[in-house]
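S.K.: Structure in structure tokens, see below.
The values are calculated or read from the model by the stated rules, or taken from the named source; none is laboratory data. Remember, it's a predicted structure, so these values are computed and weren't measured experimentally. So basically every Cβ, Gly included, is an ideal-geometry build from the backbone, and we count neighbours across all protein chains shown. Keep in mind that these areas ignore ligands, DNA and RNA; they rest on the heavy atoms of the full protein, side chains included. Shrake-Rupley method; radii C 1.70, N 1.55, O 1.52, S 1.80 Å.
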Amino acid sequence: MTSSEVLEKLLPSYKEYYDLITENVLPPFKAEAKFVSHVEQYFLVHAAKLSDIDSSEHIYFAAEENLSFEKLNELSKLAWEDGLKDVVPYYGHRNSDVSVIVFADNADEEVLKKCKKIKYSKSYKFMLHGWSSFKLVVVDLKSLKIVSNQQGAETKDFIKKFLKKCSL
């Protein structure tokens, strides 16, 4: 299976919890998924608001034939910048995470080693107004290796289960 075919099979699993965007996405990405959560807590009446909590995640999906470290760096930086452009930090902002999932038909060994070192993070007003973190997962379909940075470990586990289900 090619990287594009695997990505097409993965995308429906994100539809349940995310707003999936497959048209007019940021090039060179194939799809995007957005999740936004807003929670308010009150004490007896709406006028007695205890807290206001906003959390969001923006996921970018890419499918590449040959993935080099330069290309991965470019994808990561592009997603990070685009994912943070709509962040509005305030007292109720908890987090705004940006994730990149890349399926590659063939990835350089350098990519698999250095993927773990790609990190971005940002805090707003010493974390009083929330933070943003970056999750990265790379899947090399030729060797069936899945690597991630530290923040992307949970997504890596999900992708691993998905690939087992697809019999890859």
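S.K.: Would you check if there is a residue in segment 127-146 being within 17 Å of E32 (Cβ to Cβ), of a type outside the set (A, V, I, L, M, F, W, C) and in contact with a Leu (Cβ under 9 Å, 6 or more places away or on another chain)? Let's see the steps before the verdict.
M.R.: Going through segment 127-146, the residues within 17 Å of E32 (Cβ to Cβ) turn out to be 132, 134-137.
Among the residues that remain, those that are also of a type outside the set (A, V, I, L, M, F, W, C) are: 132, 135.
Then keep just the ones that are in contact with a Leu (Cβ under 9 Å, 6 or more places away or on another chain); that gives 132.
Within segment 127-146, one or more residues are within 17 Å of E32 (Cβ to Cβ), of a type outside the set (A, V, I, L, M, F, W, C) and in contact with a Leu (Cβ under 9 Å, 6 or more places away or on another chain).
S.K.: Check segment 1-13 and report whether any residue there is open to solvent by 50 Å² or more (accessible area, probe 1.4 Å), of a type in the set (K, R) and touching a residue at least 24 places away in the same chain (Cβ under 8 Å). Before the answer, list the steps.
M.R.: Our first condition is that a residue be open to solvent by 50 Å² or more (accessible area, probe 1.4 Å); within segment 1-13, this holds for 1-2, 4-5, 8-9, 12-13.
Still in the running and of a type in the set (K, R): 9.
Going one step further and asking which of them are touching a residue at least 24 places away in the same chain (Cβ under 8 Å), we end up with 9.
Checked segment 1-13: at least one residue is open to solvent by 50 Å² or more (accessible area, probe 1.4 Å), of a type in the set (K, R) and touching a residue at least 24 places away in the same chain (Cβ under 8 Å).
S.K.: Considering each of L144, L136, L78, L67 in turn, give the residue that is loosely packed, with under 14 Cβ neighbours inside 10 Å, hydrophobic (A, V, I, L, M, F, W, C) and in contact (Cβ under 8 Å) with a residue 24 or more places away in the chain.
M.R.: On the way: L136 fails: loosely packed, with under 14 Cβ neighbours inside 10 Å; L78 fails: loosely packed, with under 14 Cβ neighbours inside 10 Å; L67 fails: loosely packed, with under 14 Cβ neighbours inside 10 Å.
Answer to the selection: L144.
S.K.: How many residues, within segment 147-168, are assigned to a helix (DSSP H, G or I), surrounded by 14 or more Cβ atoms within 10 Å (Cβ to Cβ) and among the aliphatic types (A, V, I, L, M)?
M.R.: 2
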